[in-house]
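Chemist: Questions regarding the structure given below will be posed in turn.
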Amino acid sequence: MFSKAIELLGLYDRREDIDSNQGHDFRKPTAQVVSAQLYTATLMGLFALLSFSLLLQKLPKLYASRRYKDNGSLRLPSWEEGKLFSWLTVIYKIRDEQVLEYAGLDAFVFLGFFKMCIKLLSVCCVFSVCIISPIRYHFTGSYDDGDDNNHKLNILLKFVKRSSIPSGEDTQPEGARGYLWMYVIFTYFFTCLAIHLLVSQTVLVVNTRQAYLGKQNTVTDKTIRLTGIPIELRDPEALKNKIEQLKIGKVSSVTICREWGPLNRLFRYRENVILQLESKYAECPPEHRDREAYSENYNLQRNTGELGSSPNPISREVIHTDDNEDDLLYPQKALQRPMMRTGFLKLFGPKVDAINHLEKQLRFIDQEISEARKKHYSATTTAFVTMDSVANAQMAAQAVLDHRVHYSIANLAPAPHDIKWENVCLSRKERLTKVYCVTAFIGLSSLFLIIPVSYLATLLNLKTISRFWPSLGALLKENKWAQNLVTGLLPTYLFTLLNIVIPYFYEYLTSRQGLVSHSEEELSLVSKNFFYIFVNLFLVFTLAGTASNYWGYLSDTTKIAYQLATSVKEFSLFYVDLIILQGIGVFPFKLLLVGSMIGFPFVKIKSKTPRQQRELYNPPIFNFGLQLPQPILILIITLIYSVMSTKILVSGLAYFFVGFYVYKYQLIFATDHLPHSTGKVWPLIYRRIMAGLLLFQLTMAGTLAGFESGWILSSCLFPLPFITCSFWWDFEKHYMPLGKYIALSSIREHEEEHTLVSSPADTDTYDYPYLVHGLEGPILE
C-alpha cells in the first residue's frame, strides 16, 4: 500500500506540473514575491534611515525636539554634530534607567515589551534554525510548512487518509510520526518559554512601578475621584465630614464637579477670539500698533480669566465703525491695518478693523464669563478629594465606601493635565448615552468592515479572483508579473493601508465617548484597535482568503481548529511579506514623522504670533492606542507560526529589533507622552499575549489533527490551555492589584526621606480646584 501511494504521489507531481504550465501553480511565484518584498522593504528602510539622518542634521529642532523643550531642562544625551549616524550609537547606549528618567514609566513598559519579544523570538529562532527546520527538511523536503518547494509528506498523508484502508492498519511511516512528535515538543517548549518571559517581565514592571511611584508625593498622588455621590453629600463640607468619619485619613480639599457646560463653551469661544486677535495683531505693522490705547484694556494671555492692566497696543484706526463712538477714524493709516468681514463665514458683510472688532468681542466675552462665574451650577455625581497623604489616598481608592451599589465609588484621580474637564462636567445620563452610542457605532462599523476585508482577502488566490472577477482572473493567468503583483504585493500594501487609516477613525470615535481622562481614552483605544486588527485583519482575513464558505466552518465548531490550521498554513508566505514590509520597510519611516514633515512648511508660513512660533517645534504626542496594537498582533502571528515557519520567526525578530530602536528614539528625543497612565498598559499586553498563546495551541492542535492518527498527538496538547489559563488567573489575582495601586510598603519606605520626586508627566504641585477651565482662581461654589 505504501509503494502504491508513492506511485500516485509521482502522478500527483506530474499533474501539478501540468497545472503549472497552464498558469495554476501559484506557489513558486509567491516565493519570488517574498524575495522581491525583501529587496523592496530593505531599499525603503535604508532610504528612510539615510533621509532621517540627513534631516536630523538640518532640522534638529523638529526631529529631536525634546532636546530643546523647556530650554533643554531634560538634559538628554547628545551625539556628535556632523557625523551622520552618530545618533545610532547614542540610542544603543541608553539604559533602561535612563528611559525611565527621560521618557517616564509608560515608555519603559512599552520598550520593555519589545525587549521581551526580542528575547523570546531570538531563542525560538535558534531552535527553529538548528533543530526544527533541518528535521522537517529531512522528512518532507521543505524547511517550512506551507513552502512551495516540496509537499510530499502532506500529499502522501492526504492520499493515505482518503484510501480505503482498514482502521486497524498502521499506514503512517515511522519517520513521519517522529517528525510530528517534534511539533508537540516544541509547542510545549515555546509556550513555557513565552509564559516564563511574560512572568519575568511582569515582575520587572511591577517592581519598577512600585519603586517609581512610591517616591511620588504630589497632589495627584494624594487625590481620589469619587463618582456616584448621593444628593445629600454633594456639598464640599458634607462630603469632607463623611469621608473623615470613615477614618481613612484627613481630607485636605474637596472639589465638587458641577455642570459647567455653558461656562466651558464661553471659555472655548474666548480662546478662539484670543488666537484670532493675536494673529491679526501680528499682521499689523509695528509702527501702527502703539498709537493710542483704549482707556480700558485687557490682558490677552490665553489661560487667564482675570482682567489685566497691561497697555493694550491697539490703535483706534478703522474704516467702518461698529456703532461705537470710541472708534475714531484715521483714514491715512487705516489701509495698513488688518481688516475682516463680519458676515456669514466672514465672507460677507462690511469690512471693519479686525483688531478693534476682535478686541471688543474679547471685552464682551470677558464680561460674560465674569457674570457666568457668579451663577449657580448644579452639582454632578463626581468630586475630586485630596487626602493628607499618598497612603491614605491609596487606601481610600481600594476601599468600599458605601453599602449601596453604584454609590461613592472611589478611584485614583488622573493628573490635572490628563483630565478632560468637559467630560467631567457631564451628567451620568449624558455620559452613559455617549458611551453606549459610540460603542454601538463602533460595533456596527466593525461588522461593516468585514466586507472590504473579505474582498481584500480574495486577492490572495487566483481561483477566488476568477470566481468573483472572471475577466481579471483571465488577465492575470496570461500575465505572470501582474499575477505576482496582485496576489503577492498588493494585498500586503492594502492591508497596511487599512491598518493605518482605521485606528485614526477609532481614535476620533473614542474621543467622543465621554471618558474622563486622556489616559482612559488611550487604554480604550488600545483595546478597540487591537480587537479590530485581530478579528477583522487576522481571523476574518485568514478564513476568508482560503474558505469559499467560511461561515459554514464557523457554524460547525468542530471544524474551526482544522480550518484555522489550514488557513494559517496557506497564509504563511503572505504574513512573511507583511512582517517584512512592516518591520524593515515601514518602521524606519516613522522616524521621519511624515505627518509633521509634510505639514511643517505650511504651519511655519502660518505661524505669525509668538505663541504659534513657540509651539511650532513642540514634540508631537505619542499615542499608545495607535502604536501598540499592531506589534501585539505581529507577536501573536509569529507565535502561531513559530513551530511551522522559520521564515516568519526570523521576520518577526527583525520587526521587533528595528521597532525597538525606532520607538526608543521617538520616545526619548522626538515625541511626548503626556497622559498619566503610569504603566497601566502592561495588563492589556499580558492578556492579549495569553490569548495569542491559546490560539497558537488551538492552531497546532488543528494542524496535527489533519494527519492520520493525529488525534493522538493533538490530545497530547490538551494540558497546555489549562497551564496557560492558570498563569493568566495568577496574574489577575496577584499581579493586577500591584499594577493598579501603590503598595503601602512602597510608600512608607520613602516617606521618611521627605523628597519630592516628580516624573516628566506629573510635575503638579497645585490643587485641583484651581485647574478647572484653566483659571488661576477657584470656581465659586
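Bear in mind that the values in this text are calculations on the coordinates, not laboratory data. All figures in this text were calculated on a predicted structure; none of them were measured in a lab. Note that each Cβ is placed from the backbone with ideal geometry, even for glycine, and that neighbours are counted across all protein chains shown.
Chemist: For labels at SER454 and ARG268 in the simple 7 Å Cα→Cβ model, what's the distance in nm?
Modeler: 3.9 nm
Chemist: What ratio of Cα Rg to 2.2 N^0.38 Å holds for the stretch 406-462?
Modeler: 1.90
Chemist: Still on this structure, please answer the following. Neighbour counts of other C-beta atoms within 10 Å: give me TYR506, TYR102 arranged from fewest to most.
Modeler: The order, fewest Cβ neighbours first, is TYR102, TYR506.
Chemist: Between HIS673 and residues 5 or more places away or on another chain, which pairs have amide H atoms under 5 Å apart, with H built 1.01 Å from N, and which residues are they?
Modeler: Correct list: PHE622.
Chemist: Which of ILE451, ILE579 has the fewest other C-beta atoms within 10 Å, and how do the rest follow up to the most?
Modeler: Arranged by neighbour count, lowest to highest, ILE451, ILE579 become ILE451, ILE579.
Chemist: Something else: What's the FRET efficiency of ALA691 with GLU244 using the Cβ-Cβ distance as r and R₀ = 45 Å, to the nearest 0.05?
Modeler: With a Förster radius of 45 Å, E is 0.55.
Chemist: GLY679's amide H: which non-local residues (gap 5+, or another chain) put their own amide H closer than 5 Å, with H modeled 1.01 Å from N in plane and none for Pro or chain starts?
Modeler: Result for GLY679 returns ASP106.
Chemist: In this model, which of LYS375/LYS608; LYS240/LYS420; LYS242/LYS429 are farther than 29 Å apart at the alpha-carbon?
Modeler: Violating the 29 Å Cα-Cα cut-off are LYS375/LYS608.
Chemist: Grab the alpha carbons of the stretch 691-743, take their convex hull, and tell me the volume per residue in Å³.
Modeler: Enclosed volume per residue, from the Cα hull, is 47 Å³.
Chemist: Could you run the Karplus curve 6.51 cos²θ - 1.76 cosθ + 1.60 with θ = phi - 60° over the stretch 533-539 and give me ³J(HN,Hα) per residue in whole Hz, x for Gly and Pro?
Modeler: 6, 6, 6, 6, 8, 10, 5
Chemist: Still on this structure, I have one more. I need the peptides 57-67, 78-88 ranked by packing, meaning the mean over residues of other C-beta atoms within 10 angstrom, with the highest value on top.
Modeler: Highest to lowest by the protection proxy: 57-67, 78-88.
Chemist: How do TYR735, TYR92 line up, fewest other C-beta atoms within 10 Å first?
Modeler: Placing the least packed residue first, the sequence is TYR92, TYR735.
Chemist: For a quick check: with amide H placed at 1.01 Å from N, whose amide H comes under 5 Å from MET340's, ignoring anything fewer than 5 positions away on the same chain?
Modeler: Amide H neighbours of MET340, under 5 Å, 5+ apart: VAL352, ALA354.
Chemist: Something else now. Loop only per DSSP, at most 15 neighbouring Cβ atoms within 10 Å: give me the trypsin sites (Lys or Arg not before Pro) in the stretch 365-412, ordered by residue number.
Modeler: Here the trypsin sites (Lys or Arg not before Pro) that fit, given the DSSP loop and packing criteria, are LYS374, LYS375, ARG404.
Chemist: Moving on. Short version: ³J(HN,Hα) in whole Hz for each residue of the stretch 486-500, in order, from phi by Karplus 6.51 cos²θ - 1.76 cosθ + 1.60 (θ = phi - 60°), x for Gly and Pro, what are they?
Modeler: Coupling constants for the stretch 486-500: 6, 8, x, 8, 4, x, 5, 6, 5, 4, 5, 4, 4, 5, 8 Hz.
Chemist: Between ARG614 and VAL123, how many nm apart are label points set 7 Å from Cα along the C-beta direction?
Modeler: For ARG614 paired with VAL123, the spin-label model returns 5.1 nm.
Chemist: Each residue of the stretch 203-209 in turn: what ³J(HN,Hα) in whole Hz from Karplus with 6.51, -1.76, 1.60 and θ = phi - 60°, glycine and Pro shown as x?
Modeler: 4, 4, 5, 5, 5, 5, 5
Chemist: Label-point separation (nm) for HIS138 and LYS346, each offset 7 Å from Cα along Cα-to-Cβ?
Modeler: Simple spin-label model gives 7.7 nm for this pair.
Chemist: Let's test the formula: R0 of 25 Å, r as the Cβ-Cβ distance of GLU283 and TYR504. What FRET efficiency results, to the nearest 0.05?
Modeler: 0.15
Chemist: For ASN207 and GLU368, what does the FRET efficiency come to when R0 = 60 Å and r is the distance between their Cβ atoms, rounded to the nearest 0.05?
Modeler: According to the calculation, E is roughly 0.70.
Chemist: Do any trypsin sites (Lys or Arg not before Pro) in the stretch 570-663 lie in a loop, going by DSSP, with at most 16 other beta-carbon atoms within 10 Å of their beta carbon, and if so which?
Modeler: LYS608
Chemist: For LEU432 and LEU46, calculate 0.36 nm times their separation in residues minus their Cα-Cα distance, and state this gained length in nm to one decimal.
Modeler: Roughly 134.1 nm would be gained on extension.
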